[in-house]
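J.: Provided herewith is a single structure, encoded as structure tokens, for subsequent inquiry.
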Amino acid sequence: MGTLYYGAQREPIPLDDEVLTCLQLVATSKLRRAESFVISWVRSDEAGARRCILWMHAGLDLEFEFDGVDPVPVHRRMLDAFTNAAHSNRGIQLDAAHAKDSFAGV
């Protein structure tokens, strides 16, 4: 399990290493070209469920932290899905991406 830190407040966002790897590759590619995009997900806790949305922009702090030092293999179908979603108005929606079964067989 890795962690995404975003913006000045640096609130940790825990993510599966495969998901985090794909986000890192998409974010690096898009932000290098100065292309912003959206990532959203549903967070549930004792206060209930709520949708969280990040506007990914090159001017804000971004850190990807992985457990361990070995690179995580790239999940090609997930990477392709994230890349396509990042180009859309809705952006990357992690609630669907967390279900690894949707990317089975890759």
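The values are calculated or read from the model by the stated rules, or taken from the named source; none is laboratory data. The structure presented is a predicted model; accordingly, all values stated were derived computationally and were not measured. A quick note on method: Cβ atoms are made from the backbone with ideal geometry, for glycine too, and the neighbour counts reach across all protein chains shown.
J.: Give the residue, chosen from A47, A34, A27, that is at pLDDT 90 or above, surrounded by fewer than 17 Cβ atoms within 10 Å (Cβ to Cβ) and small (G, A, S).
T.: Criteria check complete, one pass: A34.
J.: Starting from residues that are aliphatic (A, V, I, L, M) and assigned to a helix (DSSP H, G or I), keep the ones in the range 1-27 and report whichever is farthest from L62 (Cα to Cα).
T.: Only one residue tops the list, namely V19.
J.: Taking the range 76-106 as the region of interest, how many residues are in a loop (DSSP other than H, G, I, E, B) and modelled with pLDDT of 90 or more?
T.: So the answer is 5.
J.: If you don't mind, another one. Search the range 29-58 for residues that are outside any strand (DSSP E or B) and pair each with any residue that is among the aromatic types (F, W, Y) when their beta-carbon atoms are under 6 Å apart and the residues are at least 6 apart or on different chains.
T.: Partner pairs satisfying both residue conditions: K30/F37.
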